[in-house]
Amino acid sequence: MNYSMIGTKQENARMSNNKYQREIKPGVFVDVYDVLKAWDVRNPALQHLIKKALAVGQRGHKDAAEDLQDIVDSAMRAQELDGTKECEHEWLQQIVYGKPTGLYLCSKCGAQQL
Ligand SMILES: [Zn+2]
């Protein structure tokens with residue numbers, strides 16, 4: 001969507017030309033990365049969660065449920081990455097060129113076992 005196509009001339013004059021930025025105070029534009037940096041959010045799953053939470057359903061109403069589920073999943077992943085919760089591994093056999101390698105990878109945390 002081109003934001004320059006919506007809003008009044010006055011509003012458009014104040015819009016950043018970066019659609020990911022928001023004006024949080026008059027003349028002060030930030031994007032989600034500025035927010036993550038300001039709050040020192042380092043957990044990548046939490047970063048993903050925050051980005052999602054700030055834009056739930058913006059791709060369309062039908063996508064809202066999907067976005068909310070993604071947030072729940074990201075919260076659980078954040079717990080795992082934080083070490084506050086053990087991963088309940090979901091082992092998938094690694095297949096290379098159609099043949100199992102004998103290695104199993106966790107689809108959730110990337111842990112490996114033979
Ligand atoms: Zn795991």
Original post:
Restricting attention to segment 103-114, which residues are more than 11 Å from the ligand (Cβ to nearest atom) and surrounded by 10 or more Cβ atoms within 10 Å (Cβ to Cβ)?
Top reply: LEU103
Original post:
With (1) more than 11 Å from the ligand (Cβ to nearest atom); (2) assigned by TED's automatic domain parsing to the domain that holds LYS19 as the list, and ARG77 as the residue in question, which single condition is left unmet?
Top reply: (1)
Original post:
Does GLN69 satisfy being within 16 Å of the ligand (Cβ to nearest atom) and surrounded by fewer than 12 Cβ atoms within 10 Å (Cβ to Cβ)?
Top reply: no
**OP:** Just name the residue that is surrounded by the fewest Cβ atoms within 10 Å (Cβ to Cβ) out of those in segment 85-102 that are hydrophobic (A, V, I, L, M, F, W, C) and more than 16 Å from the ligand (Cβ to nearest atom).
**Re:** VAL96
**OP:** Identify, by number, the condition in (1) farther than 20 Å from LYS19 by Cβ; (2) surrounded by 15 or more Cβ atoms within 10 Å (Cβ to Cβ) that VAL56 doesn't meet.
**Re:** (1)
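The values are calculated or read from the model by the stated rules, or taken from the named source; none is laboratory data. From a predicted model like this one, the values you see are computed outputs, not experimental measurements. Cβ sites come from the backbone with ideal geometry, for glycine too, and all protein chains shown count toward neighbours.
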